[in-house]
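First the structure, in the form of structure tokens, and then the observations on it.
The values are calculated or read from the model by the stated rules, or taken from the named source; none is laboratory data. Predicted model only: the values in this text are computed from it and were never measured. Glycine also receives a Cβ, built like all others from the backbone with ideal geometry; neighbour counts cover every protein chain displayed. These accessible areas exclude ligands, DNA and RNA; they are computed on the full protein's heavy atoms, side chains included. Shrake-Rupley method; radii C 1.70, N 1.55, O 1.52, S 1.80 Å.
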Amino acid sequence: MKTAIAFWAILKKDMQNYYLKPPNISWGIVFPISWTLMFILRARGEPVSVADVLPGVMTMSVLFGTTSMLAVTVTFERRSRAFERLLLAPIGLNTLMLAKTAGGVLFGFANCLVPIILGAYWIDLASVHWGMAIPAIALIAVTSTFLGLCIAVSVKEVFEAQTFSNFFRFPMVFLCGLFLPLGDIPALLRPLSYALPVTYGNDLLRHAVLGDGVIPPWISWILLPAFTLALFAFSTYNARRNWIS
Amino acid sequence: MNHYAMEVEDLTKRFGDVVALDGVTFEVATGEIFGFLGPNGAGKTTTINALIGLTQPTSGHLRVLGFDYPADIPNAQARIGVVPDESNLYPELSGLENLRFSAALYGMPAAERDSRALSLLERFSLADVKHRRFGAYSKGMKRKLTIAAALIHQPEILFLDEPTTGIDVGSARQIRALLGALNADGVTIFLTTHYIEEAERLCNRIAFLVAGKIVRIDDTERLLTEAQEGSSVTLALDGHADAAARIIAEAFPHLLISRGNHRTLTVSASGTIRLTPLLRALDEAGIEIFEARVVRSSLEDVFVRITGIEAREMRAANGGNAQ
């Protein structure tokens, strides 16, 4: 019960304090909305349709939203040393990390609603397999959040976290099949595509929205939680090494 | 009940090639105010960080409130409060919200959080500004709220790292009074400071830490008694303090010389200082003495004698203010 109270307090504070911080607004909200509008407006003509780009912009909104949130919630507090208060609370590092990432996951999920709402204006979303889409969005949000956590525990400044995040986020936009089909990615780079969790999440969304995913869904359902566990383990190891040295 | 609130044995901490703590050993009795005194970089903060579980020692044994480290750190952390050297609450939250949040971190139910937060705001004279953002507080108010936040879960030990550094004299006095009252309520206090006067006023026992080593631990009273067995003379000169210091050092090697400005010198000794030969030596060297004032030796003199570090230098290195 005590742990649950602490968990909720951290999550609530992060949502109240950081959702509208400038780096979050620019990278986590404005940027994905701009891309969404750009793609959707562009897609209204031939040869691509709004439905074709929707899974990609959904994935991108989650990816940018979650990684930006973590860069802010962890790095801001490390900088001001407020994070020490959390490390001293009797809740354990794993619970603390889960509480900090929960805000990012919810933020990513909420961000994903933007392209869905905008897309619904142009296309009929009744054919979308929501039973697959919603867990897929959740898994993309969780893996992207933990990717953001890995970055956040490795840097000291907010700008470093955003820059370092871009080092991963932008290549992912092109490598993970968001807008370029996996089959069209040069063979040399394709192994890299399959090493990135976003590839599997986006492919699940393509299955759910368009029915044209190329990776069997069961592989993605197994690999995404595996990526999540690996990224979380790496982050906590790194946090223990960097923060309690 | 443990006789010792904390026991530290042979604590060593290395950061690469740098030895921050070198075989530090001490105990703090339950209910005492223990002072850790030393210049910047002596290892005071590293010691606190090891005791609160934010630094892993390279070697050595630590036990806090009967909990062995590192296995029982979370149990110990639930019963200690920490005031870091910088006020580190959330600037976006109000004073009351910060305290409520701190209480929630320790799993307090909502009703208890509010009553505890309000009573602490009252005790620390911050009730009038409880809805003001922490970021808009003055330095002294920030410090007081940081101490209040550390007390929210009624800890048995309070760790304070340089609690009065950088704040005005009035707030510093108020904080010292609060610490005294907390200790009277049974809270064990571990305090690091580079203000010798602060340690003298507050602490039951003091450890002098220099370059990662404890050079002396003793009761404050005993240290003061020792100080009073010694004597000091402050000389006001015609501006040749360097030359005067050289002459005294050569002629009276048992005296400890401490420079003020270019016109003043203080000489100390563990016994009586014979003034006549001292003044004669300076007079014969053509140095004019305007005033020779015998001063009561203080803990500062003991510190200088033990560590060889000028207290004034220590304050300057730490960017201290008037206390």
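Numbers at a glance
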quantity	calculated
Selection count, region B:81-102, where residues are closer than 16 Å to A:Glu84 by Cα and more than 8 Å from every other protein chain (Cβ to nearest Cβ)	6
Qualifying residue in region A:71-94 (condition: closer than 21 Å to B:Arg100 by Cα, within 11 Å of chain B (Cβ to nearest Cβ), under 17 Å from the mean Cα position of the chain (by Cα) and modelled with pLDDT of 85 or more)	no
Candidate set: region A:196-234, residues that are in a loop (DSSP other than H, G, I, E, B) and in contact with a Leu (Cβ under 9 Å, 6 or more places away or on another chain); chosen: the one surrounded by the most Cβ atoms within 10 Å (Cβ to Cβ)	A:Gly213
Selection from region B:148-162 of residues that are over 19 Å from B:Val28 (Cβ atoms) and away from chain A (no Cβ under 11 Å)	B:Ala148
Unique match (being over 25 Å from B:Gly31 (Cα atoms), at pLDDT below 90 and surrounded by fewer than 19 Cβ atoms within 10 Å (Cβ to Cβ)) among B:Gly166, B:Gly135	B:Gly166
Of all residues making up region B:47-74, the number that are under 30 Å from A:Met15 (Cβ atoms) and over 23 Å from the mean Cα position of the chain (by Cα)	2
Residue identified as charged (D, E, K, R) and open to solvent by less than 60 Å² (accessible area, probe 1.4 Å) among B:Glu250, B:Glu156, B:Glu221, B:Glu226	B:Glu226
Residue ID - least open to solvent (accessible area, probe 1.4 Å), chosen from residues in region B:138-153 that are aliphatic (A, V, I, L, M) and over 18 Å from B:Asp185 (Cα atoms)	B:Leu145
Only one of A:Asn242, A:Asn202 that is farther than 17 Å from A:Thr101 by Cα and within 14 Å of chain B (Cβ to nearest Cβ)	A:Asn242
Number of the condition not met by B:Gly107 [criteria: (1) within 9 Å of another protein chain (Cβ to nearest Cβ); (2) open to solvent by less than 20 Å² (accessible area, probe 1.4 Å); (3) within 21 Å of A:Val74 (Cα to Cα)]	(3)
Residues of region A:130-186 classified as open to solvent by 10 Å² or more (accessible area, probe 1.4 Å), part of a loop (DSSP other than H, G, I, E, B) and farther than 23 Å from A:Tyr237 by Cβ, total	4
Residues satisfying the stated conditions in region B:73-105, i.e. in a loop (DSSP other than H, G, I, E, B) and either at positive phi or among the basic types (Lys, Arg) (or both)	B:Arg79
Some residue of region A:53-65 being among the aromatic types (Phe, Trp, Tyr) and within 14 Å of chain B (Cβ to nearest Cβ)	no
Cβ-Cβ under 6 Å pairs, at least 6 apart or on other chains, region B:7-34 side over 12 Å from B:Ala50 (Cβ atoms) and β-branched (Val, Ile, Thr), far side open to solvent by 50 Å² or more (accessible area, probe 1.4 Å) and in a strand (DSSP E or B)	B:Thr25/B:Glu9; B:Thr25/B:Asp10
Subset of region B:149-202 (residues that are outside any helix (DSSP H, G or I) and among the β-branched types (Val, Ile, Thr))	B:Ile152, B:Ile157, B:Thr164, B:Thr165, B:Ile167, B:Val187, B:Thr188, B:Ile189, B:Thr192, B:Thr193
Cβ-Cβ under 6 Å pairs, at least 6 apart or on other chains, region A:155-176 side within 21 Å of A:Thr59 (Cβ to Cβ), far side in a helix (DSSP H, G or I) and hydroxyl-bearing (Ser, Thr, Tyr)	A:Ala161/A:Thr75; A:Ser165/A:Thr67; A:Leu175/A:Ser193; A:Cys176/A:Thr199
Looking only at region B:30-72, and only at residues there that are hydrophobic (A, V, I, L, M, F, W, C) and part of a loop (DSSP other than H, G, I, E, B), the one that is farthest from B:Ile189 (Cα to Cα)	B:Ala71
Flag for B:Val210 being more than 17 Å from B:Leu299 (Cβ to Cβ), aliphatic (A, V, I, L, M) and open to solvent by 30 Å² or more (accessible area, probe 1.4 Å)	no
Residue within region B:173-196 that is touching a Ser or Thr at 6+ places or on another chain (Cβ under 6 Å), away from chain A (no Cβ under 14 Å) and open to solvent by less than 50 Å² (accessible area, probe 1.4 Å) present	yes
Test: residue in region B:60-76 that is open to solvent by 40 Å² or more (accessible area, probe 1.4 Å), under 20 Å from B:Arg205 (Cα atoms) and either out of contact with any strand residue (DSSP E or B) (no Cβ under 7 Å at 6 or more places or on another chain) or not aromatic (Phe, Trp, Tyr) (or both)	yes
